[in-house]
Amino acid sequence: MSDAGLPTDTPEPVFLPWQAATAAAWLGGGRERFAHAWLLHGQAGIGKRQFAWAAAASLLCEQPRHGLACGECPACRWLRQGNHPDFRVVRPDAVALAEGGQEAGEPETDASRAKKTPSREIRIEQVRELERWITTATHRGGWRVVLLYPLHSLNPYAANALLKMLEEPPAHTVFLMVTDAPDRVLPTLLSRSRRLPLAAPEPDEAQAWLESMGVAEPGGFLAAAGQAPVAALAMARQHDKAWPEWLPLWLEGLGRGQGRALAARLAGDLEKQPATEWLAVLQRAVCDLQWQQNGLEPRYYPGLAQASGALASRCGKVPLAEFSRHLAQQIRIANHPLNARLFAQATLLRMAETAA
Ligand SMILES: [Zn+2]
């Protein structure tokens, strides 16, 4: 388990502008009646993790103002620095690494360094470690907060161990559990938690926030991220454009009936990228094609409306719908393709067939 701070897009544990009202209502009821296990859920990329981190700050703050963290007391400083003794973050090792934090679990050894890829699951050892921590007294005599995400990444053993903890809730302990896929969480875990649904902001508010974060033309990124502002910010920081360069070339090629020839070449590029990423791009593009087939505006890549419109009229509705279902299946197995190049090529060829 890592006690490192949460490297997020906002370096402070404060609520994002569109979360302030929800947070005030939620925390304003006073700490004494506060439930001990919360499920924070909503669309991916809208700032749920940031919300949970800010909530932890508010619960741990020793001089809260209207229920919110003061940002100045020792507890607030420790949380920001990632060393509050009554705060724990539980996340898969792969997530910790991606966020720039340390890997969970035991100290690094030669054996662990040599070992396989970091786990994408929350493991039983991490929950056991939590159990040990929770049986000790709190350091500051106040609340203890566990931030766990994504909740759907618990493996079955870890989920059962967590369930036991929630069935006999430790005193003065709050679990903040975050997920964008509550349907993939053990129902018994759901039934032990209070739900707090979190929403995306209105497009205007999201645009204004992205501008304030230094994104010059936020509209395209916001669209590509399905109106989820935190995801749009991450995209804008990594890429110049809201879509990868290969996407317009691929859509135009398909529209000209050159998909088969292009697929082999493009697969050579895509095999070097994480499959989950290019599959997500294809999935958004296919959604746009389907909207256009129904006379609607493309939602994710409005800047590519011309290319996707031409292709949409070339594709059959039924084959495209079948390909969309196929993509959803591919996304489920995308973390472990046996042969990245063949996997990409087979997916692209299948898409080419819809426009043949
Ligand atoms: Zn404080």
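Readers should treat all values here as calculations from the given coordinates under stated rules, not as data from a laboratory. Keep in mind that what you see is a predicted model, and the values were worked out from it rather than measured. Here Cβ is always computed from backbone atoms with ideal geometry, including for glycine, and neighbour counts include all displayed protein chains.
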Under 9 Å, Cβ to Cβ, from HIS152 - net charge with Lys/Arg +1 and Asp/Glu -1: -1
Once the Cα atoms of helix 259-270 and of the chain are each reduced to a long axis, what angle between those two axes, in degrees from 0 to 90 to the nearest 10, is obtained? 30 degrees
If the convex hull is drawn through the Cα atoms of the chain, its volume per residue in Å³: 149 Å³
Counting each DSSP H run of 4 or more residues in the chain as -39500 (n - 2.57), what helix-only mean residue ellipticity at 222 nm follows after dividing by all residues, to the nearest 500 deg cm²/dmol? -15000 deg cm²/dmol
Rough spin-label spacing in nm, given labels placed 7 Å along Cα→Cβ, for ALA280 and ARG184: 1.2 nm
Of LEU162, LEU320, LEU296, the most mobile residue in a GNM of the chain (C-alpha springs, cutoff 10 Å) is LEU296
Antiparallel bridge percentage (DSSP; both residues within the chain; nearest 5): 10 percent
At R0 = 22 Å, FRET efficiency that the Cβ-Cβ distance of ALA24 and ARG140 yields, to 0.05: 0.40
Once each part is reduced to its C-alpha centroid, what is the distance from segment 339-356 to segment 137-186 in angstrom? 41 Å
Taking only Cα atoms, what is the 0 to 90° angle, nearest 10, from helix 48-60's long axis to the longest principal axis of the chain? 10 degrees
For the chain, size of Cβ-based charge dipole, Lys and Arg +1, Asp and Glu -1, in debye: 740 debye
Any idea what angle helix 203-212 forms with the longest principal axis of the chain, computed on alpha-carbon atoms, 0 to 90 degrees, nearest 10? 70 degrees
